[in-house]
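Everything on this sheet refers to the single structure shown next.
The values are calculated or read from the model by the stated rules, or taken from the named source; none is laboratory data. Computed from a predicted model, the values in this text were never measured in an experiment. Cβ placement follows ideal geometry from the backbone for every residue including glycine, while neighbour counts extend to all protein chains displayed. Side chains are part of the model used for accessible areas, which takes the heavy atoms of the whole protein and leaves out ligands, DNA and RNA. Shrake-Rupley method; radii C 1.70, N 1.55, O 1.52, S 1.80 Å.
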Amino acid sequence: MAKRRSTTASTTITAEKDLPTRFEDLGLSNRALAAVSDMGYEAPTPVQAASIPAALAGTDVMAAAQTGTGKTAAFLLPTLDRLGHARHGQGPLMLVVTPTRELAAQIEEVANAICAHTGHTATVLVGGVSYEPQRAALRKGCDLVVATPGRLIDLINSGDCNLSQVETLVLDEADRMLDMGFLPAVKKIVARTPSERQTLLFSATLDDDAIASTRSLVRDPAHVKIARKGTPAQTIEQFALGVSPDAKNAV
Ligand code: AMP
């Protein structure tokens with residue numbers, strides 16, 4: 001079982017110049033490094049270099065990171081690297097909550113690349129698809145669940161999803177979840193997890209106004225503030241495609 005380290009003061013990591021520049025220097029195991037190599041990443045992004053050592057130490061993390069900064073691997077690599085394995089019919093031991101189906105699919109893709117090396121099983125619980133395969137996956141047992149708030153609440157209420165074994169909780173795009181009105185759902189979900197869990201909270205901004213209501217969900221977190229508000233990540237080329245809502249997932 002993953003153990004959390006108790007910290008007495010929070011750490012703020014803001015300077016990029018002092019961050020490690022090699023994945024090998026972040027404390028990841030050889031199996032996690034093999035996953036990094038499979039994904040074709042040559043050097044850690046700043047949010048990865050700052051978040052991975054803190055998360056590996058068991059510390060809670062609050063990170064300001066936009067989509068495109070490498071935040072998905074920043075939270076999945078260290079957490080899956082130290083996660084135990086659920087017994088048959090049990091779990092999840094780790095839960096990632098994210099606001100949209102599209103983000104859940106992106107997280108699943110990175111999770112599958114890492115799980116191929118760590119041997120963990122991942123299940124995605126999102127709306128818009130039938131319940132039964134998700135119920136069956138939960139009955140079988142899984143190590144990691146990636147979920148959107150609405151469907152997860154449904155499966156909790158029906159007794160299909162039990163979060164009492166969660167050791168690691170990730171709140172992805174926390175500010176967006178609040179914007180979308182998911183705060184009551186997120187609070188209900190967090191209340192179903194053990195209080196001694198490790199919590200990683202990723203948000204485009206850590207501005208107090210935006211995420212003040214989530215501060216009670218993390219304990220003595222390391223603060224990672226690298227992305228500048230309103231600035232798209234430089235590695236991302238942006239373009240827009242006009243599509244109908246029905247065609248969105250396929251596109
Ligand atoms: P994310 O911020 O997690 O949505 O990631 C954005 C994109 O960056 C994805 O296409 C990743 O595959 C890519 N990426 C993540 N980490 C790295 C890295 N260290 N080097 C190169 N590309 C990366």
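For residues that are within 22 Å of Thr214 (Cα to Cα) and either within 10 Å of the ligand (Cβ to nearest atom) or of a type in the set (Phe, Trp, Tyr) (or both), tally how many sit in the range 74-102.
Number satisfying all stated conditions: 3.
Could you list, in sequence order, all residues of the range 113-125 that are more than 20 Å from Gly89 (Cα to Cα) and either among the acidic types (Asp, Glu) or open to solvent by 10 Å² or more (accessible area, probe 1.4 Å) (or both)?
Ala113, Ala116, His117, listed by residue number.
Yes/no matrix, rows are residues, columns are (1) closer than 19 Å to Phe182 by Cα; (2) part of a helix (DSSP H, G or I):
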{"site": "Val47", "(1), (2)": "no, yes"}
{"site": "Ala50", "(1), (2)": "no, yes"}
{"site": "Arg87", "(1), (2)": "no, no"}
{"site": "Gln106", "(1), (2)": "no, yes"}
{"site": "Glu109", "(1), (2)": "no, yes"}
{"site": "Arg135", "(1), (2)": "no, yes"}
{"site": "Arg139", "(1), (2)": "no, yes"}
{"site": "Ile156", "(1), (2)": "yes, yes"}
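Residues in the range 52-80 that are open to solvent by 20 Å² or more (accessible area, probe 1.4 Å), under 22 Å from Pro99 (Cβ atoms) and touching a Leu at 6+ places or on another chain (Cβ under 6 Å): how many?
The number of residues fulfilling the criteria is 0.
Do we find that Ser10 is open to solvent by 40 Å² or more (accessible area, probe 1.4 Å), more than 20 Å from Thr69 (Cβ to Cβ), at pLDDT below 95 and not charged (D, E, K, R) in this structure? Explain how you work it out, then say what you get.
Working: open to solvent by 40 Å² or more (accessible area, probe 1.4 Å): yes; more than 20 Å from Thr69 (Cβ to Cβ): yes; at pLDDT below 95: yes; not charged (D, E, K, R): yes.
In short, yes.
Just to be sure, is Asp160 in contact (Cβ under 8 Å) with a residue 24 or more places away in the chain and closer than 17 Å to Val224 by Cβ?
No, not satisfied.
Consider Ala54 against the criteria (1) assigned to a helix (DSSP H, G or I); (2) within 16 Å of Ala113 (Cα to Cα): it satisfies all of them except one. Which criterion is unmet?
The failed condition is (2).
If only one of Val186, Val170, Val224 is under 28 Å from Pro92 (Cα atoms), in contact (Cβ under 8 Å) with a residue 12 or more places away in the chain and part of a helix (DSSP H, G or I), which one is it?
From the options Val186, Val170, Val224, the qualifying one is Val186.
In this structure, does Val36 turn out to be more than 7 Å from the ligand (Cβ to nearest atom), crowded, with 24+ Cβ neighbours inside 10 Å and not acidic (Asp, Glu)?
Here the answer is no, as Val36 does not meet what is asked.
From the list Thr72, Thr79, which residue is of a type outside the set (A, V, I, L, M) and touching a Ser or Thr at 6+ places or on another chain (Cβ under 7 Å)?
Thr79
Within the range 189-210, count every residue that is of a type outside the set (S, T, N, Q), in contact (Cβ under 8 Å) with a residue 40 or more places away in the chain and over 21 Å from Leu80 (Cα atoms). Walk me through how you get there before you give the answer.
Within the range 189-210, the first condition is being of a type outside the set (S, T, N, Q), and the residues that meet it are 189-192, 194, 196-197, 200-202, 204, 206-210.
Then keep just the ones that are in contact (Cβ under 8 Å) with a residue 40 or more places away in the chain; that gives 189, 196-197, 200-202, 204, 206.
In the following step, the residues that additionally are over 21 Å from Leu80 (Cα atoms) were identified as 204, 206.
Of the residues in that region, 2 qualify.
Report yes if some residue within the range 127-140 is surrounded by fewer than 19 Cβ atoms within 10 Å (Cβ to Cβ), within 16 Å of the ligand (Cβ to nearest atom), touching a residue at least 12 places away in the same chain (Cβ under 8 Å) and within 27 Å of Ala204 (Cβ to Cβ); otherwise report no.
no
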